[in-house]
Amino acid sequence: MNAVIEAVAGAHNVLIEQMRIRGGSKAPRSMSQIQALRPNTGQRYYVLLVDCGGDDLVKDRILEEHESLTRNNYTKIIGIRDVRPKFAHADIPRLEAGLKKYVRTSLIPVQFVLQVMEIEAWFLAEFNHFPKIHPAITSAAIQAALGFDPESDDMALRVEPSDDLSACYRLGGKTYTKPSVPTITALDLNYIYLDLQNRIPYLRILFNSLDAFLA
């Protein structure tokens, strides 16, 4: 996510901090830094990225930190989570409604973004990256071997995108594991920002929020 934010804002314009929260009701709560801050050179924007410890904890962490972040002059919270494995496509309206419950509208705005069914669907739809993983992995090869076309089909309809992505990589003798630095590095961020968001509604919501923040 930090690469996307830097691509949109400009790496010299935004200061990004990455943290991890663990613990809670049954264990002491702790927050630790994942990646050291770059030097503060007067960047215009500050973004805090937080690893909540699991999709089911995204809303809980937001509710816990909402008041504190408001007091500390943050302007918006964006909660990003996968849909699967606990929810199916048919459950998305119920999931969305549940995420909005108990969020205090008197505090800074909260926007939830769903990765349908998981973030790998976004990676599948960014078909430009496949030949960078291996030249044998093309959209034509994927369609012939696996029966779907990442260029034209709706990847949000794939039930298990992670498995699909692994199958695509095997066409070139490669493997996919989370988190995948080779995948993130290979992604065409310009295509994602300029074109892919028009194919993926939740990605468009995310970029609309970022654009509004950076305006």
- [ ] Could you work out how far apart the two model spin labels at LEU48 and ILE34 are, taking each label as a point 7 Å from the Cα in the direction of the beta carbon, and quote it in nm?
- [x] 1.5
Open item on the list: From Cα pairs below 8 angstrom and at least 6 apart in sequence, can you work out the relative contact order of region 119-199, rounded to a whole percent?
Closed with: 41
Task: Kirkwood-based Rg to Rh ratio, region 48-154, C-alpha trace - done: 1.11
TODO: In whole angstrom, note down how far apart the Cα centers of region 28-60 and region 181-215 are.
DONE: 20
Task: Coarse-grained scattering of the chain at q = 0.14 Å⁻¹, given as base-10 log I(q)/I(0) from a Debye sum over alpha-carbon atoms - done: -0.96
Open item on the list: Quick check on packing: order 180-186, 130-136, 155-161 by the mean number of other C-beta atoms within 10 Å, highest mean leading.
Closed with: 155-161, 130-136, 180-186
TODO: Return a whole-number percent for the relative contact order of region 122-169, with Cα pairs under 8 Å and 6 or more residues apart as the contact set.
DONE: 45
Task: For GLN115, residues with placed amide H under 5 Å, excluding near neighbours - done: ARG81, ASP82, VAL83
Open item on the list: For the ranges 92-105, 52-65, what's the packing order if you count other beta-carbon atoms within 10 Å of each residue, average per peptide, and put the highest first?
Closed with: 52-65, 92-105
Task: Separation in nanometres of the label points that stand 7 Å from Cα toward Cβ, at THR105 and PHE213 - done: 2.3
Task: Computed over the chain: relative contact order in percent, which uses C-alpha pairs under 8 Å that are six or more apart - done: 17
Open item on the list: Counting C-alpha atoms alone, how compact is region 119-199: give Rg to one decimal and Dmax as a whole number, in angstrom.
Closed with: 11.4, 31
- [ ] For every helix of n ≥ 4 consecutive DSSP H residues, a contribution of -39,500 (n - 2.57) applies; sum these over the chain, divide by its total residues, and give [θ] at 222 nm rounded to the nearest 500 deg cm²/dmol.
- [x] -11000 deg cm²/dmol
- [ ] Work out how much length THR177 to ASP60 would gain on full extension: take 0.36 nm times their residue separation and subtract the Cα-Cα distance, in nm to one decimal.
- [x] 39.4 nm
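Any read-out appearing in this document is the output of simple, stated calculations on the displayed coordinates, not a laboratory observation. What you are looking at is a predicted structure, and each value in this text was computed from that prediction instead of being measured. All Cβ positions, even for glycine, are placed from backbone atoms using ideal geometry, and neighbour counts span all protein chains on display.
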